Structures are given as structure tokens and as C-alpha cells.
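Peer 1: Have a look at this one before I ask anything.
Derivation of every value follows stated rules applied to the coordinates shown; laboratory data play no part. Predicted, not measured: the structure shown is a model, and the values here were computed from it. Using ideal geometry, Cβ is built from the backbone for each residue, glycine included, and neighbour counts are taken over all protein chains shown.
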Amino acid sequence: MTTTVPSLAVNFADPDILQDPYPVFDAIREAGPVVYNPTANSWMVASYDGVRSVLFDDEHFVPESDKWETLYGGSVVESLQEPRHGEIRSILAPMFRAGYLREMRPVITDLISGRLDCIAARLRSGETIDIVPELTRAVAGRVLAHVIGVGEEDVPRFLAWAKDMGATLESYDEPDPARSAKLRRIGTEATKLTCAFAGEQLARRRGDTEARDLVAQFVRSPVTETMSEQDQQATIAQVIVAGHDNITHTLGHVFVALALRPDQRRLLDADRDLIPGAVEEILRWRTSATGDTRVLQGSATIGGVELEEGSRVMLLLGAANRDPERWENPGQLDLLRPAQPHLTFGSGVHTCIGAGLGRLEARLMMSEVLDRLPEFTFADPRIDYGAPLFMRGPRAIRIRA
Ligand code: HEM
């Protein structure tokens, strides 16, 4: 490390940072193009251009495979490099193409509108409701069950395991070794249960030549035969985790944003063509996957700073999405802001495969809320964002009519 490189000790498990990471993100971005963090023994990148260029350089900046393999119980798309990454990604890709998303549209609309009608009736009778368990998590889980091809009755248990698997990610941010080990144990146990569940689904569907869901496509693909049983299970486990937490958070952010901007809510209601742009602004403003990591293979520079082989690089997507070089007044939520590309879904070869599904769910949620809950407000404006920082979202959102 050269002495000219700025250093900032940041504990990403600090409750104040978990609650509001943006002041620290600004400080890191202002400190330099790359900033050493002794607490996490990592190099942090917080500017839009810096994060994007590292994501695109997949020859040098490779996934932190150990972390993903611990989290998911085997190697998965997110832990792999080319060409293997592309082969495995091709098995999942058909489930996320435009044609499939068109078929999903009425399914998602029905799921949202059915639940919102009940919620609206209860709000009218004077109840306050936490929409995270009652709506956002429930919708995300049921859509995912549909995509994967498992029954609705399985949703509560896979959601519970997926939540506990988040403890593994938390353990990487936790500087206290005893607490980190405890989090790792909770996460590992949940990973075993999720992989066992994935294994049951795979076994049940072998020989299925008809169904179009993810597990059926997966068992039919010739590429699957080149994977170990453990990696097959881990790949399904990854879709379960990646596919519901980030969406639950994003759907929650739709409510937070509409509650914070009643003035713009009316304009969106009057002109529904503004919804896609508003969703992009929400994704930018409250990035759910706040950060990502890579490990340097060989040697490379970031912002003119040469890093050593094996350096761990933290890419602060949430900070990049508020880079004042790219967005005017970036901390301001402006649902009418002209959309321009952000990094909420990453970039480069590992760009989120579920981005289209995430966007679709958020747009449909906004449209249905404008129809069915036009006047809702926060019953409690204090939102707890909880841990882990790199999968950040509201734990509860209590609303009233
Ligand atoms: C709003 C919702 C979502 C957000 C914010 C999000 C965010 C991300 C991000 C930032 C990455 C890149 C990770 C990296 O570079 O290492 C990623 C990758 C991934 N996401 Fe998502 N995601 C969302 C929804 C989904 C959904 C619905 C699914 C599946 C049902 C999904 C499955 C995946 C997979 C499989 C990858 C790995 C892709 C690869 O390595 O090639 N995500 N996601």
C-alpha cells in the first residue's frame, strides 16, 4: 500500500451506518477514487465511474468465490468466472426473457391486487398495517415460487431459511469474531436446509419434459449434467435468496417513496407513463444491494492506484448511485427525474439476471397502489433498515389510510 492512498476505518455492521449509510458513502467518495478500509481489510470504491469500470473488468476483478460458496453451499453463477459462468447462466436465462415476463404480468397483477383489496378494506376500518409481511414479502415469495415451480405452501419455509442465510453475509461485515462465528453458524444451517429443499425439488422434476418453470428447465438442460449435485442445489438456493430479498426491499421502497412524495404521487396517478421512470429513481435512490465485492486477480489499478494481487475490493453500488458527478442533488428523491442508467442491478457479466422481473414487480406494485390506496400515509415514519448493509431494506413499513 502506498502512503498517498486515503484510509478510512468503516465498520459496516455499525447500527448507525446500517440505518443511514449515505453520509459515510459520501465521505468515502470524497476521500478518493479508492479508499483503504482497515476494519474490513478492503479497498472501497464509491464513484459511479469507478464502480462501473471495476464491474466491467471481469478479467482482473473476479467474484469473491469463497463468500458466495459459503452463502449458497456450492458454486453458483455469482461465484464463477468465464467461460463457466456463461454456461451456467444460460440455463437460468430463459426464465427471465421478455416473453416469460409478459406471461408473468397477469399473475403478478392478480397477486398484488388481491392482497391490496383486503389491505384497503382493513385500512378503511381504521387498522394500521405492516405491509412488509402482509404484502411485499408475500408477493415477492409467491412470484418466486411461481418462477421456480414450487408450491405456495412451501413459501413460508423457504422465506424463513433465505432470511437466515442473510446471517452469512452479515458475518462478513461483523468485526467481532465471536458474533461473526455465531452469524456464520445460523447462516450455514439455513443454507443446508435450503439446499436440501432444492435437492428435493430437483429430484421430483427429473424426467419432466413439459413444465416451463425454472426447476424443470434446469433438470432438462444438458449443461446441468456437467454440474455436481451440490452445485445444482446451490444454484437453485441462490435464485431463492437473490430473487426475493432484493425484490421485497424494492417493493417496500415503492411505498416509502410514495409516502414521502404525495405531491408527485398525484402526477404519477394522472399519467401512468411516468411509472417506469419513477421506479428507476426509486431503484437509484434506495439501492437494495448496497454493495458488492470483488477480488483482484493479477495486478490492476483503480483511479491510478495500483493494487496487489488478492486485494479485496468493495464496490459501493449505493454510493455510486448518488454520485453528484452524475446526478444533480443525488440525495433528493425526485420521482419525475429523467432516468439514466444506475448500478442497482450491477453491471458487466454478472449483471442481475432478474432485473426485468424486479422492475416489472415494482411497476405493477406502484400502479396497483395508486389505484387501490391513493391516500395512504405512514402510521410510523421511523423505518428500521436492519442488516446486512449489502442487502438493505425496510424491515417493517406501517401504514394507515
Ligand atoms: C430489485 C430486485 C433485485 C436487485 C436490486 C438485484 C441486484 C443484483 C445485483 C447488484 C447483482 C450483481 C451481483 C454481482 O455483481 O456480483 C445481482 C445478480 C444476480 N441476481 Fe439479482 N437483484 C434483484 C432481483 C433478482 C431476481 C428477481 C432474481 C431471480 C429470481 C435475481 C437473481 C440474480 C442472479 C442469479 C444473479 C447473479 C448473476 C450472475 O452472476 O451472472 N435477482 N442481482
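Peer 1: Based on the Kirkwood radius over alpha-carbon pairs, what is the Stokes-Einstein translational diffusion coefficient of the chain at 10 °C with 1.306 mPa s viscosity, in µm²/s? It would help to have the intermediate numbers written out before the result.
Peer 2: Details: Rh = 21.8 Å.
Diffusion coefficient, whole number: 73 µm²/s.
Peer 1: Given 0.36 nm per residue, what is the gain on full extension from Lys192 to Gln332 after removing their alpha carbon distance, in nm?
Peer 2: Computed gain between Lys192 and Gln332 is 46.2 nm.
Peer 1: Once you keep just the Cα pairs under 8 angstrom separated by 6 or more residues, what percentage relative contact order results for the chain?
Peer 2: Value for the chain: 27 percent.
Peer 1: I've got another one for you. Convert 10 °C to kelvin, take the viscosity as 1.306 mPa s, use the Kirkwood radius over C-alpha pairs of the range 1-160 as Rh, and evaluate the Stokes-Einstein diffusion coefficient in µm²/s, rounded to a whole number.
Peer 2: The Stokes-Einstein estimate is 79 µm²/s.
Peer 1: Taking loop as defined by DSSP and a crowding limit of 11 other beta carbons within 10 Å, which GluC sites (Glu not before Pro) in the range 349-401 fit?
Peer 2: Sites meeting the loop and neighbour criteria: Glu375.
Peer 1: Only counting other Cβ atoms within 10 Å, I'd like Asp173, Asp57 sorted with the fewest neighbours first.
Peer 2: Lowest to highest Cβ neighbour count: Asp57, Asp173.
Peer 1: Same structure, new question: Can you say what percent of the DSSP beta bridges in the chain, counting only those with both residues inside, are antiparallel? Round to 5.
Peer 2: Rounded to the nearest five, the antiparallel share is 80 percent.
Peer 1: Which value, to two decimals, describes the C-alpha radius of gyration of the range 300-358 once divided by 2.2 N^0.38 Å?
Peer 2: 1.42
Peer 1: Aspartates and glutamates within cross-link reach of Lys163: Cα-Cα under 14 Å, excluding same-chain residues under 8 positions apart?
Peer 2: Within the straight-line limit of under 14 Å, Lys163 reaches these aspartates and glutamates: Glu189, Asp245.
Peer 1: Pick from Leu343, Leu315, Leu111: which residue has the top mean-square fluctuation in a GNM of the chain where Cα pairs under 10 Å get a spring?
Peer 2: In the Gaussian network model the winner is Leu111.
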